[in-house]
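Heads up: the structure comes next, in C-alpha coordinates.
The values are calculated or read from the model by the stated rules, or taken from the named source; none is laboratory data. Not measured: the values here are computed from a predicted model. Glycine gets a Cβ as well: all are built from the backbone with ideal geometry, and neighbour counts include every protein chain shown. Only protein heavy atoms, including side chains, enter the accessible area calculation; ligands, DNA and RNA are left aside. Shrake-Rupley method; radii C 1.70, N 1.55, O 1.52, S 1.80 Å.
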Amino acid sequence: MKARGQGTFDAQTFLDSAGLSRKVVEFRRSQVIYTQGNPARSILYIQEGGVKLAVVSATGKEAVVGMLGPGDFFGEGCLAGQSKRMGTAISITPTTALVIDKHEMIRVLHAEHAFSDRFISHMLTRNIRIEEDLVDQLFNSTEKRLARTLLLLARYGKQDQPQKVLPKMSQEMLAEMIGTSRSRVNLFMNKFKKLGFIKYNGGLHVDSSLLSVILHD
(Lines give C-alpha, C1' and ligand atoms only; values in the text may rest on other atoms or scores of the structure.)
Protein backbone atom coordinates (compact mmCIF):
# COMPACT_ATOMS: atom_id res chain seq x y z
CA MET A 1 0.00 0.00 0.00
CA LYS A 2 2.18 2.79 -1.16
CA ALA A 3 1.14 6.19 0.13
CA ARG A 4 2.72 9.55 0.68
CA GLY A 5 2.38 12.07 3.45
CA GLN A 6 3.07 12.43 7.14
CA GLY A 7 3.64 9.12 8.88
CA THR A 8 3.47 7.07 5.69
CA PHE A 9 5.78 4.24 4.84
CA ASP A 10 7.98 4.63 1.77
CA ALA A 11 9.25 1.06 1.69
CA GLN A 12 11.12 1.40 -1.58
CA THR A 13 13.24 4.29 -0.30
CA PHE A 14 14.11 2.36 2.85
CA LEU A 15 14.91 -0.85 1.01
CA ASP A 16 17.18 1.09 -1.33
CA SER A 17 19.06 2.73 1.55
CA ALA A 18 19.18 0.04 4.24
CA GLY A 19 21.86 -2.10 2.63
CA LEU A 20 19.53 -5.09 2.60
CA SER A 21 20.74 -8.14 0.74
CA ARG A 22 18.02 -8.79 -1.80
CA LYS A 23 17.53 -9.63 -5.46
CA VAL A 24 15.17 -8.34 -8.12
CA VAL A 25 13.08 -11.02 -9.83
CA GLU A 26 10.76 -10.61 -12.80
CA PHE A 27 7.69 -12.83 -13.26
CA ARG A 28 5.62 -13.20 -16.41
CA ARG A 29 1.83 -12.96 -16.28
CA SER A 30 0.16 -15.95 -14.56
CA GLN A 31 3.48 -17.29 -13.29
CA VAL A 32 3.49 -19.11 -9.94
CA ILE A 33 5.77 -17.21 -7.56
CA TYR A 34 5.50 -19.79 -4.80
CA THR A 35 3.16 -22.67 -4.06
CA GLN A 36 1.25 -23.64 -0.94
CA GLY A 37 3.46 -26.01 1.06
CA ASN A 38 6.77 -24.67 -0.34
CA PRO A 39 9.50 -23.80 2.22
CA ALA A 40 8.99 -20.24 3.48
CA ARG A 41 12.43 -18.62 3.31
CA SER A 42 11.85 -15.09 2.02
CA ILE A 43 9.56 -12.07 2.01
CA LEU A 44 8.73 -10.29 -1.25
CA TYR A 45 8.04 -6.66 -2.09
CA ILE A 46 6.16 -5.74 -5.28
CA GLN A 47 7.78 -2.97 -7.33
CA GLU A 48 5.60 -3.32 -10.42
CA GLY A 49 2.66 -5.49 -11.39
CA GLY A 50 0.16 -7.44 -9.34
CA VAL A 51 -0.08 -10.66 -7.35
CA LYS A 52 -2.96 -12.91 -6.40
CA LEU A 53 -2.84 -14.81 -3.10
CA ALA A 54 -4.87 -18.02 -3.02
CA VAL A 55 -5.41 -21.03 -0.79
CA VAL A 56 -6.28 -24.49 -2.12
CA SER A 57 -8.38 -26.90 -0.07
CA ALA A 58 -7.71 -30.64 0.28
CA THR A 59 -10.34 -31.24 -2.43
CA GLY A 60 -8.58 -28.90 -4.84
CA LYS A 61 -10.94 -25.93 -4.56
CA GLU A 62 -9.15 -22.58 -4.75
CA ALA A 63 -10.12 -19.46 -2.80
CA VAL A 64 -8.59 -16.07 -3.60
CA VAL A 65 -7.73 -14.37 -0.30
CA GLY A 66 -5.94 -11.23 -1.50
CA MET A 67 -5.01 -9.08 -4.49
CA LEU A 68 -1.79 -7.08 -4.10
CA GLY A 69 -0.07 -4.37 -6.12
CA PRO A 70 2.99 -2.09 -6.17
CA GLY A 71 4.16 -1.19 -2.67
CA ASP A 72 2.84 -4.36 -1.03
CA PHE A 73 4.82 -7.02 0.80
CA PHE A 74 3.80 -10.68 0.80
CA GLY A 75 5.16 -13.96 2.12
CA GLU A 76 5.62 -12.32 5.51
CA GLY A 77 4.43 -15.43 7.37
CA CYS A 78 8.04 -16.65 7.40
CA LEU A 79 8.88 -13.79 9.77
CA ALA A 80 6.44 -15.25 12.32
CA GLY A 81 7.93 -18.73 12.22
CA GLN A 82 5.95 -20.32 9.39
CA SER A 83 8.21 -22.94 7.83
CA LYS A 84 5.93 -23.54 4.84
CA ARG A 85 3.88 -21.26 2.61
CA MET A 86 0.26 -21.19 3.74
CA GLY A 87 -0.99 -20.27 0.28
CA THR A 88 -0.01 -19.81 -3.36
CA ALA A 89 1.13 -16.53 -4.93
CA ILE A 90 0.59 -15.98 -8.67
CA SER A 91 1.40 -12.90 -10.75
CA ILE A 92 -1.69 -11.47 -12.48
CA THR A 93 0.36 -9.19 -14.75
CA PRO A 94 4.08 -9.02 -15.59
CA THR A 95 5.52 -8.36 -12.14
CA THR A 96 8.83 -7.19 -10.70
CA ALA A 97 9.53 -7.97 -7.05
CA LEU A 98 12.32 -7.72 -4.53
CA VAL A 99 13.05 -11.04 -2.83
CA ILE A 100 14.51 -10.58 0.68
CA ASP A 101 15.87 -13.46 2.77
CA LYS A 102 13.86 -13.79 5.98
CA HIS A 103 16.96 -13.72 8.22
CA GLU A 104 18.08 -10.48 6.58
CA MET A 105 14.64 -8.94 7.03
CA ILE A 106 14.51 -10.01 10.69
CA ARG A 107 17.95 -8.48 11.27
CA VAL A 108 16.87 -5.12 9.90
CA LEU A 109 13.55 -5.17 11.77
CA HIS A 110 15.48 -5.68 15.03
CA ALA A 111 18.09 -3.04 14.24
CA GLU A 112 15.86 -0.30 12.79
CA HIS A 113 13.06 0.43 15.25
CA ALA A 114 11.45 3.19 13.21
CA PHE A 115 11.32 0.89 10.21
CA SER A 116 9.95 -1.92 12.36
CA ASP A 117 7.10 0.27 13.66
CA ARG A 118 6.15 1.42 10.19
CA PHE A 119 6.45 -2.04 8.71
CA ILE A 120 4.05 -3.44 11.33
CA SER A 121 1.59 -0.61 10.66
CA HIS A 122 1.92 -1.27 6.93
CA MET A 123 1.20 -4.99 7.32
CA LEU A 124 -1.79 -4.38 9.60
CA THR A 125 -3.25 -2.07 6.97
CA ARG A 126 -2.67 -4.74 4.32
CA ASN A 127 -4.37 -7.38 6.48
CA ILE A 128 -7.39 -5.12 6.99
CA ARG A 129 -7.67 -4.89 3.19
CA ILE A 130 -7.61 -8.68 2.90
CA GLU A 131 -10.33 -8.95 5.57
CA GLU A 132 -12.41 -6.46 3.58
CA ASP A 133 -11.86 -8.60 0.47
CA LEU A 134 -13.18 -11.65 2.33
CA VAL A 135 -16.23 -9.75 3.63
CA ASP A 136 -16.84 -8.52 0.09
CA GLN A 137 -16.70 -12.12 -1.18
CA LEU A 138 -19.15 -13.33 1.47
CA PHE A 139 -21.77 -10.60 1.47
CA ASN A 140 -21.72 -8.52 -1.71
CA SER A 141 -23.35 -9.26 -5.05
CA THR A 142 -21.30 -10.35 -8.06
CA GLU A 143 -21.76 -6.90 -9.60
CA LYS A 144 -20.40 -5.11 -6.54
CA ARG A 145 -17.50 -7.55 -6.17
CA LEU A 146 -16.50 -6.97 -9.79
CA ALA A 147 -16.75 -3.18 -9.43
CA ARG A 148 -14.66 -3.22 -6.25
CA THR A 149 -12.01 -5.46 -7.82
CA LEU A 150 -11.69 -3.20 -10.88
CA LEU A 151 -11.34 -0.11 -8.67
CA LEU A 152 -8.72 -1.79 -6.47
CA LEU A 153 -6.76 -2.94 -9.51
CA ALA A 154 -6.89 0.65 -10.80
CA ARG A 155 -5.58 1.78 -7.36
CA TYR A 156 -8.44 4.18 -6.66
CA GLY A 157 -8.45 5.40 -3.08
CA LYS A 158 -4.66 5.72 -3.05
CA GLN A 159 -3.05 9.03 -2.22
CA ASP A 160 -0.68 8.68 -5.13
CA GLN A 161 -1.83 8.85 -8.75
CA PRO A 162 -4.37 6.15 -9.58
CA GLN A 163 -3.42 3.82 -12.38
CA LYS A 164 -6.78 4.12 -14.22
CA VAL A 165 -5.67 1.98 -17.18
CA LEU A 166 -5.42 -1.70 -16.32
CA PRO A 167 -2.96 -4.08 -17.96
CA LYS A 168 -4.37 -6.82 -20.17
CA MET A 169 -6.50 -9.11 -18.03
CA SER A 170 -8.89 -11.81 -19.23
CA GLN A 171 -12.48 -12.12 -18.08
CA GLU A 172 -11.60 -15.63 -16.94
CA MET A 173 -9.05 -14.16 -14.52
CA LEU A 174 -11.53 -11.57 -13.24
CA ALA A 175 -14.09 -14.33 -12.73
CA GLU A 176 -11.56 -16.33 -10.74
CA MET A 177 -10.73 -13.30 -8.58
CA ILE A 178 -14.33 -12.69 -7.53
CA GLY A 179 -15.56 -16.28 -7.47
CA THR A 180 -18.04 -16.36 -10.34
CA SER A 181 -18.35 -17.48 -13.95
CA ARG A 182 -16.89 -15.79 -17.02
CA SER A 183 -20.41 -15.29 -18.42
CA ARG A 184 -21.42 -13.28 -15.33
CA VAL A 185 -18.30 -11.13 -15.62
CA ASN A 186 -19.03 -10.56 -19.31
CA LEU A 187 -22.61 -9.51 -18.47
CA PHE A 188 -21.54 -6.89 -15.94
CA MET A 189 -18.54 -5.65 -17.95
CA ASN A 190 -20.92 -4.93 -20.85
CA LYS A 191 -23.26 -3.16 -18.42
CA PHE A 192 -20.39 -1.05 -16.99
CA LYS A 193 -19.31 -0.15 -20.52
CA LYS A 194 -22.81 0.98 -21.56
CA LEU A 195 -23.04 3.14 -18.42
CA GLY A 196 -19.65 4.75 -19.12
CA PHE A 197 -17.94 3.30 -16.04
CA ILE A 198 -15.29 1.57 -18.15
CA LYS A 199 -14.03 1.80 -21.71
CA TYR A 200 -11.62 -0.08 -23.93
CA ASN A 201 -9.03 2.08 -25.66
CA GLY A 202 -5.50 0.70 -25.65
CA GLY A 203 -6.35 -1.09 -22.42
CA LEU A 204 -9.17 -1.14 -19.90
CA HIS A 205 -9.92 2.36 -18.56
CA VAL A 206 -11.71 2.51 -15.20
CA ASP A 207 -13.61 5.66 -14.26
CA SER A 208 -14.08 6.67 -10.62
CA SER A 209 -17.84 6.81 -11.28
CA LEU A 210 -17.76 3.01 -10.92
CA LEU A 211 -17.83 3.71 -7.18
CA SER A 212 -21.56 4.34 -7.55
CA VAL A 213 -22.09 0.59 -8.08
CA ILE A 214 -20.50 -0.17 -4.71
CA LEU A 215 -22.30 2.62 -2.87
CA HIS A 216 -25.72 1.83 -4.32
CA ASP A 217 -27.95 -0.37 -2.12
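Structure values in brief
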read-out	value
Given (1) touching a helix residue (DSSP H, G or I) at 6+ places or on another chain (Cβ under 6 Å); (2) open to solvent by 30 Å² or more (accessible area, probe 1.4 Å); (3) at pLDDT below 90, index of the condition K102 fails	(3)
Considering residues of the stretch 151-161 that are assigned to a loop (DSSP other than H, G, I, E, B) and at pLDDT 60 or above only, the residue surrounded by the fewest Cβ atoms within 10 Å (Cβ to Cβ)	Y156
Pair list, Cβ < 7 Å and 6+ apart or interchain, from the stretch 60-78 residues that are under 15 Å from V99 (Cβ atoms) and open to solvent by 30 Å² or more (accessible area, probe 1.4 Å) to residues that are modelled with pLDDT under 80 and part of a strand (DSSP E or B)	none
The lone exception for V55 - which of (1) at pLDDT 85 or above; (2) buried (at least 16 other Cβ atoms within 10 Å of the Cβ) it fails	(2)
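Conditions tested, residue by residue: (1) touching a helix residue (DSSP H, G or I) at 6+ places or on another chain (Cβ under 9 Å); (2) among the hydrophobic types (A, V, I, L, M, F, W, C); (3) at pLDDT 85 or above.
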{"site": "L98", "(1), (2), (3)": "yes, yes, yes"}
{"site": "T125", "(1), (2), (3)": "no, no, no"}
{"site": "Q163", "(1), (2), (3)": "yes, no, no"}
{"site": "G196", "(1), (2), (3)": "yes, no, yes"}
